Each structure stands twice: as structure tokens, then as C-alpha cells.
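Since the structure comes first, as C-alpha cells, the remarks are kept for the end.
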Amino acid sequence: MSDEAIELTRRFTDAFNARDAEKIRALVSDAVQMVGPDGNKVTGFVGSRVLLEAATRTNVRLVRTGDEQVDRGEESTEIVVPLRVSGADGERQATGRFEIAEEKISSFRVETGEED
């Protein structure tokens with residue numbers, strides 16, 4: 001599952017940067033929870049559309065800057081990804097945290113280590 005889980009996160013990042021809501025829909029669970037670096041949380045496919053709209057307005061892009069770390073649990077796998085987040089307000093280093101369950105992304109969080 002590790003290679004498949006990593007590939008799933010890479011396809012998500014590509015779809016996010018392309019603003020492709022339908023590809024994201026195919027990659028995430030119905031109840032996916034996504035949290036941006038500002039702490040705002042959205043849930044489900046409707047929430048993912050809201051996230052994409054905000055990313056479009058602020059021109060946010062996610063770029064992997066290193067190798068993924070994989071932590072396999074009994075019911076899910078966590079993938080931790082070093083990222084560079086760029087957008088209208090500049091660039092910053094971040095960490096992307098994906099949880100994969102039943103071959104879908106069940107949560108995605110971007111952490112910058114900064115208080116926004």
C-alpha cells in the first residue's frame with residue numbers, strides 16, 4: 001500500500017495545482033476533511049470545491065520539496081510530505097499530512113509551523 005498511497009498523494013497535489021475538482025473527487029473519501037495552513041477546515045467534496053476556489057483566488061500552489069515519509073497503521077496510512085506553498089502572499093515551507101484509508105484520501109492538512 002505504501003507506493004500506492006504515495007502515488008495517491010502525488011495525484012492529489014497535481015489535481016490541486018490544476019484546480020481539477022473532478023480528479024480530486026475521485027481521490028478523496030466522501031467525508032474527507034481538509035485543513036489549510038490558516039486552520040480553516042472544510043469537509044467532503046463540497047468542501048474540497050471551496051478549498052479549490054480559495055486556492056484559485058490566492059494563486060496557491062503546492063510543490064514537493066523532499067521524499068515522503070510513510071507511517072502504516074492498521075486501518076490507515078499517514079503520508080507526510082515536505083512542501084513549498086506559494087501564492088499571492090509569497091512562499092513558505094510547509095508539511096502536508098495525508099491520511100489514506102480504503103484507498104482514498106480521508107484527510108489532508110497543511111502545516112506551516114507559523115501562527116496565521
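The values are calculated or read from the model by the stated rules, or taken from the named source; none is laboratory data. Because the structure is predicted, anything quoted here is derived from the model rather than measured. Methodologically, a virtual Cβ is constructed for each residue, glycine included, from the backbone with ideal geometry; neighbour enumeration extends over all protein chains shown.
Among residues of segment 26-50 that are at pLDDT below 90 and assigned to a helix (DSSP H, G or I), none has a Cβ under 6 angstrom from a residue that is hydroxyl-bearing (Ser, Thr, Tyr) and surrounded by 14 or more Cβ atoms within 10 Å (Cβ to Cβ) at a sequence gap of 6+ or on a separate chain. Consider segment 1-17 and keep the residues that are more than 13 Å from the chain's Cα centre (by Cα) and not acidic (Asp, Glu). The one that is farthest from Ala101 (Cα to Cα) is Ser2.
Does Val63 count as β-branched (Val, Ile, Thr), over 17 Å from Leu8 (Cβ atoms) and in a strand (DSSP E or B)? When the stated conditions are applied, Val63 passes them.
Total residues in segment 66-100 satisfying the condition of being among the hydroxyl-bearing types (Ser, Thr, Tyr) and within 16 Å of Leu27 (Cβ to Cβ): the figure is 2.
Only a single item in (1) modelled with pLDDT of 95 or more; (2) of a type outside the set (Phe, Trp, Tyr); (3) farther than 16 Å from Gly113 by Cβ; (4) surrounded by fewer than 16 Cβ atoms within 10 Å (Cβ to Cβ) is not met by Glu99, and it is number (4).
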